[in-house]
Amino acid sequence: MYCRNCAKQLDDRAIACVGCGLPPLAGKKYCQNCGHETGEVAAVCLACGVALGKGGVGQPAGADKRLAAGILAILLGALGFHKFFLGYKKEGMIMLLVTVLTAGVGAFVMWPIGVAEGVIYLTKSDEDFVETYVRNKKGWF
Ligand SMILES: [Zn+2]
Ligand SMILES: [Zn+2]
């Protein structure tokens, strides 16, 4: 992610720019995705095509992971892919190993967990999702 005010490259979870101190999406001058200059009123970056983030009223950082994590959890939950995707290496490894080491039998246990987690991700609000899974790193459910 780039600061929308000064184009400094930031961690995706950063809540304030280390270059200028503003929330990363508070500015209007640069694309948060590619750092290209944008017009003050532009809604979409002309260089990379993403919707430009808006400070305060837009999605919180990390909310863009909610949909993908939910879909991964439902389709590939038994393999723990959604855990790896959210940065939970230990939990992902547990799900992956249980499924693989039991030659798929463990998937009957792990998959319903993945589906349940996927449904939870998808039904949570962006703010809730980010608060629980991106900031607090809640490993299970
Ligand atoms: Zn900045
Ligand atoms: Zn861009």
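The values are calculated or read from the model by the stated rules, or taken from the named source; none is laboratory data. The structure presented is a predicted model; accordingly, all values stated were derived computationally and were not measured. With ideal geometry, Cβ positions are generated from the backbone for all residues, glycine too; neighbour counts draw on all protein chains shown. Ligands, DNA and RNA are stripped out before the accessible areas are found, and what is left, the full protein with its side chains, is counted by its heavy atoms. Shrake-Rupley method; radii C 1.70, N 1.55, O 1.52, S 1.80 Å.
Here are the numbers:
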| item | result |
| --- | --- |
| Ala69 vs. criteria within 16 Å of ligand 1 (Cβ to nearest atom) and in contact (Cβ under 8 Å) with a residue 60 or more places away in the chain | no |
| The range 87-124, subset polar (S, T, N, Q) and surrounded by fewer than 14 Cβ atoms within 10 Å (Cβ to Cβ), residue nearest to Ile71 (Cα to Cα) | Thr123 |
| Candidates Ala61, Ala14 - the one that is within 17 Å of the chain's Cα centre (by Cα), within 16 Å of ligand 1 (Cβ to nearest atom) and surrounded by 20 or more Cβ atoms within 10 Å (Cβ to Cβ) | Ala61 |
| Residues of the range 32-43 that turn out to be at pLDDT 90 or above and either open to solvent by 40 Å² or more (accessible area, probe 1.4 Å) or within 13 Å of ligand 1 (Cβ to nearest atom) (or both), as a count | 6 |
